[in-house]
Structures are given as C-alpha cells and as structure tokens.
Amino acid sequence: MVRFKMGYNKGHQDCMTIQFYEKGVTTMKRIGLLTSGGDCQALNATMRGVVKGLSSNVSDLEVYGFMNGYKGLIYGDYRMLTSNDFSGILTKGGTILGTSRQPFKLMRVPDENGLDKVEAMKQNYYKLRLDCLVILGGNGTQKTANLLREEGLNIIHLPKTIDNDIYGTDMTFGFQSAVDIATDAIDCIHTTAASHNRVFLVEIMGHKVGWLTLHAGIAGGADIILIPEIPYDIDKVIEAINRRTAAGKGFTILAVAEGAISKEDAKLSKKELKEKMKDYKYPSVSYELADRIFEKTGVEVRITVPGHTQRGGSPCPYDRVLSTRLGAAAADLIMKEEYGYMVAMVNNKVKKVPLGDVAGKLKMVSPDDQLIKHAKLIGISFGD
C-alpha cells in the first residue's frame, strides 16, 4: 500500500472566517478526490492545494483519485495517488483524473443494468474507508455532492466553473483564466476590426449566466454586451451600432453570451421556446444576430467563437493563488473533521458555507449590478 509519509511543518494563518488547524501532526487520513462536469484551468492546482495541505500536517495519508468524475465513484474506477502525481501540476490545465457529466436528475435513475448509482457510490466510499470525499465541480456537481452529504458521507465541495455562477462564493476557480482568454479573443478582433468597416460578434461561453461575457466584454472594450439576464431588443442593438457609425467609428464589437436571448423569446414559456427551437436554423444566437444586423444595416458582419479554448491552457496567476487557498482551506476542514461544506471566497476571505444552503442555486448577474451601471456610464449598450 503506497502512503504519503511527510514531515510536519507548522505554520499559522489568520482568517476571520476559518480558524486554521494548529494542533500538530494528526493520524492516518484517507481521502477521495474527483473532478466532475466541464473541465477548467485550475482543477489540478486546487487538488494540489488539498493534498499538500494534508501531507504537511498528517502522519499517514492515502489519496484515492476517482477517474472521470462521478462515473469513477459509481463503477469503482479509481487509483491510489502518490506525491509524484501532484508534483508539477500547479500550472497544468485540465484534470489529471479526467471528468464527465453525470446529470443530477438521473442520479436516482438506475443505469442500463439496473445499478442503483447512489448506493454504488456509497459502497465504494465505504469500501475504501474514506474519511472524506473532496469534490471539485460546478452547479450540477454540487447538487450531487449535497445528495451524498444527505446520504451520510463526509463531503467537501470546491467551487469550479468558468461561469462564476455558484451561489455563496464571490469567485470560482477557472473563471479568471477564462476571462483572460475571452478578453484576448476580443483584443485580437480589435486589430482586424479597425482595418475594416464591419460589425464583429465574439460569442462567449455562458448558457444561463453572463458573468464571463460581462467581464471579458468590459476588459476587451466591447461596444455592446449581450447576456442572458438582460434580454435584448434588436432595435436597441441597431441603434447602438448606428450611433457609432454616425460618430465616425468604422467598426462595432459585440460580446455575446451563448445564452443571450431576445425580449420576444424571453416572454415565451419554456414549452413555447422549446417548440420554437425545433425549427431554429442557426448554429447559435450569434449567427441569428448577424443575419438581423445585416438585414437592418447592410453592414458586413463577422462572427468569432472562441469555444472551448476558454476552458483550456494554463491557469492564470490569480487562479493559481485562489486554488491554492481553497485547497489548503479544504485540507484544514478535513483535519478538523468539519464536513458538509463548500469552501468559498467571500470579501477575499476563505469561508465555509453549508452545502445544503447553496446547492441548486445559481448566482445570476443582476441588471442592477454596480458593474452593469458602470459599463452603461461609459457608453456600453446592453441592448435593453
């Protein structure tokens, strides 16, 4: 059996919301790690923070990595991890454990062979005699983490998503790295936009929530930002383009969330919208917008979709620091045997938040958010 055998390096950190562990070397700990849902740049950095925090303060440590998210926990696909697995991964994007999407609404539904997935996850947890399961993921992942907590397992959740839409934390790891990439895409469009009298649309990830498009749009100097929380009026979008043209501006750049929606469609019920989408002829909302803008203005329109590049590459320095802090705080909770929490950042302080209080909730952009007001003050249009 491979075990981490590390010396103890006592240190002290002050925090208003978490009193950090200071008791000395603890005994044996067995933890599980899994990453679920979409990948992002700082998953490895966060797992590294957890393991380094524990290995510096625990006499014996066993770490089991479940492969490909909840699928590994359901079907017992795991491997013992050693200190070598966590060496050199601070800057490595993606996840060394792999990931998959396992919809929460199907967790109580037996698989094709009749397997009870929840019971299988519990049995694999108990078989390995885990002290805690550390789960890294977004909203859907969090709901299943809370389900496992309700089933009696010791769970710590770490908030991962490029969308920054997890309720109860100011920041999720992966978000700032994605903002940097999306901003760079808009920056690159500026140079070609300035050379042509065209309208350019840059489609940013975000089906339900617009934090990524909002931040990248402002940072990249977009003229129009369209997000799901503020349904757009196409005539208002055209007005904003025409104002720039009248002011002698040769181009207009729109940052468009993939979940941006018109005011007309926003008034439809879910059933009505689903029915309408059956005959939808466009690959995404940006292509529909491009057609409507061209029809109304006659100006050439070009579309750029950075797509999954926004999830890729190395984590930015901000995310490396954030992930290290969240991982270390998770290790601290494990040593104190405080389970059933999400580790959050609130006002730049680490805070433990009960999973039951936040699971299933989305952190949306409010149309009254101060950031929206400031963007409008400098002339950015939201099409409303």
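The values are calculated or read from the model by the stated rules, or taken from the named source; none is laboratory data. Everything quoted here is computed from the prediction, not taken from an experiment. Using ideal geometry, Cβ is built from the backbone for each residue, glycine included, and neighbour counts are taken over all protein chains shown. Accessible surface is based on the protein model in full, side chains and every heavy atom, while ligands, DNA and RNA are left aside. Shrake-Rupley method; radii C 1.70, N 1.55, O 1.52, S 1.80 Å.
Shown for region 35-96: the carbon plus sulfur share of the solvent-accessible area, taken with all protein chains present and a 1.4 angstrom probe, equals 41%.
Count Lys and Arg as plus one, Asp and Glu as minus one, and take only other residues whose Cβ is under 11 Å from that of GLY307; the net charge is then -1. Rounded, prolate or oblate for region 78-174? Axes are the square roots of the Cα gyration tensor eigenvalues, ordered a ≥ b ≥ c, and the cut-off for rounded is a/c under 1.5. It is oblate, given that a/c is not under 1.5 and a/b is not larger than b/c.
Label positions at LYS373 and LYS276, each projected 7 Å from the Cα along the C-beta direction, are separated by 3.1 nm. With contributions of -39500 (n - 2.57) from each DSSP H run of at least four residues, the per-residue ellipticity at 222 nm computed over the chain stands at -11000 deg cm²/dmol. Taking Lys and Arg as +1 and Asp and Glu as -1, the other residues whose beta-carbon sits under 14 Å from that of SER323 total +4.
Between LYS296 and THR82, the modelled label-to-label distance comes to 6.3 nm, taking each label 7 Å out from Cα in the direction of the beta carbon.
Decide, for region 315-366, between rounded, prolate and oblate: order the square roots of the alpha carbon gyration tensor eigenvalues as a ≥ b ≥ c, take rounded if a/c falls under 1.5, and otherwise choose prolate if a/b is larger than b/c, else oblate.
oblate
Could you pull out the pairs from LYS122/LYS143; LYS208/LYS352; LYS160/LYS373; LYS208/LYS267 whose alpha carbons sit more than 21 Å apart here? LYS208/LYS352; LYS160/LYS373, as the Cα separations exceed 21 Å there.
Given a Förster distance of 51 Å, report the FRET efficiency between ASP187 and TYR126 from their Cβ-Cβ distance, rounded to the nearest 0.05.
That pair, ASP187 with TYR126, gives E of 0.50.
In this simple spin-label approximation, ALA266 and ASP170 carry label points 7 Å from Cα along the Cα→Cβ vector, and these lie 2.8 nm apart. Compared with the dominant Cα axis of the chain, that is its longest principal axis, helix 43-55 is turned about 20°.
How big is the antiparallel share of DSSP beta bridges in the chain, given as a percent to the nearest 5?
On the way: 12 of 46 bridges.
Counting only bridges with both partners in the chain, antiparallel ones make up about 25 percent.
Sorting the segments 220-226, 370-376 by their residues' average number of neighbouring beta-carbon atoms within 10 angstrom, most packed first, yields 220-226, 370-376. Comparing ALA42, ALA246, ALA182 in a Gaussian network model of the chain (Cα springs below 10 Å), the most mobile by mean-square fluctuation is ALA246.
Think of a 1.4 Å ball rolled over the protein heavy atoms: the chain then has 45 Å² of accessible area per residue. Here the accessible area of region 330-384 is 48 percent carbon and sulfur, with a 1.4 angstrom probe and all protein chains present.
How much net charge surrounds VAL179 when only the other residues with a Cβ under 13 Å from the Cβ of VAL179 are counted, with Lys and Arg +1 and Asp and Glu -1? Spelling it out: positives minus negatives among the neighbours equals -4. Principal-axis analysis of the Cα atoms of the chain puts helix 317-335 at an angle of about 30° to the longest axis.
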